[in-house]
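Student: Below is a structure I'd like to ask you about.
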Amino acid sequence: MKFLKNFNNNAALVVDDQGVEWIVVGKHKGDQIDEQKIQRRFVATLKQNVDIDSFQDLKPQSFMITTQVVHLVEPLLKVSFSDYQYFVLADHIDFALKRANDGIDVDNGTVRWEVKKLFPKEFQAATKAVELINSTADVTLPKSEVVFMTYHFINAGSDGSKLQETIKITKLISGIIDIVQYQFQMRLDPESFNYNRFVAHLRALMVQRVSRTSSTGSELDQSLLQLMIAKYPQAYATVERIDTFLQSKAGWRLEPDDKVYLTLHIWRVTHRQKSE
């Protein structure tokens, strides 16, 4: 690799033998690039139009901690951070450390318990990541930082959906859970198997809508929807309320097959959690 530009002591722009430019993260000295010490490398022209000069503003410590966090989280959640997600996380950690040193707590009104219950695995990983950052950087990040980290980790496992879209999805799922609980006048058990299946189904549905992709399944037999209406009237009525909610909040309409699957999931999550 040939050195082109130095961003800081931990990041540089290089070019390989095929003429492809890379940003490499890892310890290097001046224009000497030791490939054995490269912690991460990615193509300089990121699809999401990140200005590579932004790397110059990130502190070397932020890159080091980001690499440690990624190594911690990827096996825990069985995800793989893309180049873009790695950079966004590094940028977030860099700014979080600055805020912590300046004594600033940015809480965007996120309800901590909702995120914890909707995404327990990601939340647990985020808690460990914040503990790692605190001990490595000798800071004390505010509790709200666990929520922000959770969003980043959800994003890493959501087929490329962006962070703002992940936050939007989280709020929509939370609203749907509230609708189900109100309709059935019960508290759902977030530890139950069917609750987690329900949330996973909602996440998949939301990611599909955000990415504007459509289901590849066969066309729904209309008689199946009529069967759901007759067999699970309360669950289907709840789906209709969810449809209205999604229209008002996101401009989305549920397709007939969406209604069938949601009706089944709602019936399961409201009738089977006690027997588990």
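Student: Roughly how many nanometres apart are two label points built 7 Å out from the Cα toward the Cβ at Glu74 and Asn134?
Tutor: Those two pseudo-labels are separated by 2.6 nm.
Student: Please compare each pair in Lys168/Lys249; Lys128/Lys171; Lys98/Lys143; Lys78/Lys168 to a cut-off of 18 Å on the Cα-Cα distance and tell me which ones are over it.
Tutor: Numbers: Lys168/Lys249 10 Å; Lys128/Lys171 23 Å; Lys98/Lys143 16 Å; Lys78/Lys168 23 Å.
Correct reply: Lys128/Lys171; Lys78/Lys168.
Student: Efficiency by 1/(1 + (r/R0)^6): what FRET value for Asp189 and Leu227, r their Cβ-Cβ distance, R0 = 45 Å, to the nearest 0.05? Present the calculation step by step, with values, prior to reporting the outcome.
Tutor: Numbers: r = 27 Å, r/R0 = 0.61.
According to the calculation, E is roughly 0.95.
Student: Rank Met64, Met149, Met186 by accessible area, highest first, at a 1.4 Å probe radius?
Tutor: Working: Met64 65, Met149 0, Met186 40 Å².
So the residues, ranked largest to smallest area, are Met64, Met186, Met149.
Student: Just flag the GluC sites (Glu not before Pro) in the stretch 137-192 sitting in loop per DSSP whose Cβ has no more than 16 other Cβ atoms within 10 Å. Walk me through the numbers before you get to the answer.
Tutor: Details: sites: Glu145, Glu165, Glu191; in loops: Glu191.
The qualifying sites are Glu191.
Student: If ligands, DNA and RNA are left out, what is the accessible area of Leu58 with a 1.4 Å probe, given in Å² to the nearest 10?
Tutor: Counting only protein heavy atoms, the figure is 10 Å².
Student: What does the extension gain come out to for Phe245 and Gln124, with contour length at 0.36 nm per residue minus their alpha carbon separation? Provide the component values of the computation, followed by the final result.
Tutor: Details: separation 121, 0.36 × 121 = 43.56 nm, distance 2.95 nm.
Between Phe245 and Gln124, full extension yields an extra 40.6 nm.
Student: May I pose another question? What is the gain in length, in nm to one decimal, between Ser144 and Arg99 on full extension, counting 0.36 nm per residue of separation less the C-alpha to C-alpha distance?
Tutor: Once the chain is fully extended between Ser144 and Arg99, it gains 15.0 nm.
Student: In nanometres, what is the gap between the two model label sites at Gln18 and His201, each 7 Å from Cα along Cα-to-Cβ?
Tutor: 4.4 nm
Student: Counting only protein chains, not ligands or nucleic acids, how are Ser62, Ser223 ordered by accessible area (probe 1.4 Å), most first? Could the numbers behind the result be given before it?
Tutor: Working: Ser62 0, Ser223 70 Å².
From most exposed to least exposed: Ser223, Ser62.
The values are calculated or read from the model by the stated rules, or taken from the named source; none is laboratory data. Only a predicted model underlies this, so the values are computations on that prediction, with no experimental measurement involved. A quick note on method: Cβ atoms are made from the backbone with ideal geometry, for glycine too, and the neighbour counts reach across all protein chains shown. These area figures cover heavy atoms from the full protein model, side chains too; ligands, DNA and RNA do not enter into them. Shrake-Rupley method; radii C 1.70, N 1.55, O 1.52, S 1.80 Å.
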